[in-house]
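The values are calculated or read from the model by the stated rules, or taken from the named source; none is laboratory data. Here the structure is a predicted model, which is why all the values come from computation and not from measurement. In this analysis, Cβ positions are derived from the backbone assuming ideal geometry, glycine residues included, and neighbour counts consider all displayed protein chains.
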Amino acid sequence: MKITKIETIALTVPLLRPAVIASGSASTGFHVLIRIHTDAGLIGLGEASPIASTDADTPGSIVEVVNKRIAPRLAGCDPRRTQECLALIHTAIPGNQCAKAGVDIALHDLVGKALGVPVYQLLGGRCRDAINVIEADIWIDTPEAMATMAKEAAGRGVSAFEIKIGKDPAVDLQRVAAIRKAVGPGARLRIDCNEGYAAGTELRVLRAMEALDLVYIEQPVPRWDIDGMRRLADALDTPICADQGAYTPQDVMRLLSCGAADLICIKIPKSGLFHASTINAICETAGVRCTLGSMLPLGIGAAAIHHFAIAMRNVDVEMGGVYGSPLDYFVDDIVQASTVAADGAIRLSDAPGLGVSVDEEKIARYRRT
Ligand SMILES: [Mg+2]
């Protein structure tokens with residue numbers, strides 16, 4: 001079997017409500033659908049889903065990098081020689097993690113289809129039969145609006161909340177306190193500062209937030225500030241989680257070797273399944289658990305996250321939650337049938353590859369020209 005062509009299609013799908021985090025806000029998702037075609041007629045489906053305020057990749061750069069740098073290298077390669085293909089992807093150009101992750105997802109889908117097994121089987125098989133974590137993202141707003149949002153979600157049975165903060169430390173403390181008051185002492189709260197704080201000046205406010213009983217604190221300081229992460233991890237009792245600082249296995253080696261993170265947030269759209277597996281193995285070896293983040297993908301990227309979550313024992317799906325259906329965030333999705341069941345549970349069938357197919361009519365509708 002040989003790879004004959006790689007196709008890239010830029011898509012825009014509006015979000016149901018704006019997603020506001022410390023580094024920026026978005027009202028629309030920008031994605032790139034990636035299809036790897038073969039001479040056997042099999043097609044691997046992948047998706048790149050960069051977040052404008054946190055990723056160096058853009059939809060335009062992804063299309064350019066995949067078409068001009070990665071596709072020519074993979075042309076004629078047998079996808080079942082997977083490690084060889086992955087090495088060609090990762091040495092095609094430095095950086096460009098989201099572009100590489102999108103092709104990595106398509107390659108895993110293709111190999112699963114070629115071998116007749118689901119992607120979770122390629123990753124080592126199931127360690128869970130189903131995942132049923134109901135959680136809510138609380139985007140940055142006034143303390144009152146955020147508390148109302150959390151209370152409304154709690155009314156629907158949600159007991160775990162990811163609170164986005166990081167823009168204004170004094171108001172952030174009011175935000176987290178208002179949410180704790182609204183949802184009560186039993187709810188699991190974690191905060192994500194998205195690089196908005198400085199280690200030296202915001203230790204005090206993080207200490208005050210610790211008193212509100214947090215599961216963990218995610219990426220408090222900029223990705224480059226490994227020493228700041230280490231100082232906060234030393235000073236606080238609440239675990240410190242690295243997200244934007246942990247794109248590659250090398251990033252994670254550096255963070256763990258100097259005690260700069262107690263947890264690593266793995267995102268398949270920023271690392272791809274191969275490097276995410278390596279990151280998970282590094283963490284498991286070091287006795288560090290992983291959580292899963294999302295970057296708001298559509299149904300193909302979501303399926304890749306779900307296969308990873310079903311397969312990886314060291315990923316703590318209770319503590320970190322798992323991205324559910326894109327329809328919780330977007331007005332529409334591009335897959336025909338989601339990997340999330342109607343009751344919100346992620347179960348996954350034994351269908352080959354990621355087990356999803358695209359709706360061509362929706363591709364045409366959301367295609368960006
Ligand atoms: Mg994060």
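Of the helices (runs of 4 or more DSSP H) lying entirely inside segment 5-124, those containing at least 1 residues that are within 16 Å of the ligand (Cβ to nearest atom) span 97-115.
When THR238, THR285 are checked against the criterion of being of a type in the set (Val, Ile, Thr), surrounded by fewer than 24 Cβ atoms within 10 Å (Cβ to Cβ) and assigned to a loop (DSSP other than H, G, I, E, B), a single residue qualifies: THR238. Scanning segment 288-326 for residues that are among the aromatic types (Phe, Trp, Tyr) and assigned to a loop (DSSP other than H, G, I, E, B) yields a total of 1. Filtering ALA337, ALA304 for residues that are exposed (fewer than 15 other Cβ atoms within 10 Å of the Cβ) and closer than 28 Å to ALA52 by Cα leaves a single hit, ALA337.
Checked against (1) closer than 19 Å to PHE30 by Cβ; (2) of a type in the set (S, T, N, Q); (3) surrounded by fewer than 21 Cβ atoms within 10 Å (Cβ to Cβ), THR278 passes all but a single condition, namely (1). Please verify whether PRO222 is assigned by TED's automatic domain parsing to the domain that holds SER159, more than 21 Å from the chain's Cα centre (by Cα) and assigned to a loop (DSSP other than H, G, I, E, B), treating the condition exactly as stated. The answer is no for PRO222. Pairing each residue of segment 187-202 that is free of Cβ contacts under 8 Å to residues at least 60 places away in the same chain with any residue that is surrounded by fewer than 19 Cβ atoms within 10 Å (Cβ to Cβ) and assigned to a helix (DSSP H, G or I), provided the two are 6+ apart or on different chains, yields C-beta distances under 6 Å for ALA199/ARG231. Can you tell me which residue in segment 289-325 is nearest to the ligand (Cβ to nearest atom), limited to those that are in contact with a Gly (Cβ under 8 Å, 6 or more places away or on another chain) and on the phi > 0 side of the Ramachandran plot? Filtering first and then ranking leaves MET295. The lone criterion from (1) under 30 Å from THR4 (Cβ atoms); (2) touching a residue at least 40 places away in the same chain (Cβ under 8 Å); (3) out of contact with any strand residue (DSSP E or B) (no Cβ under 7 Å at 6 or more places or on another chain) left unmet by GLY125 is number (1).
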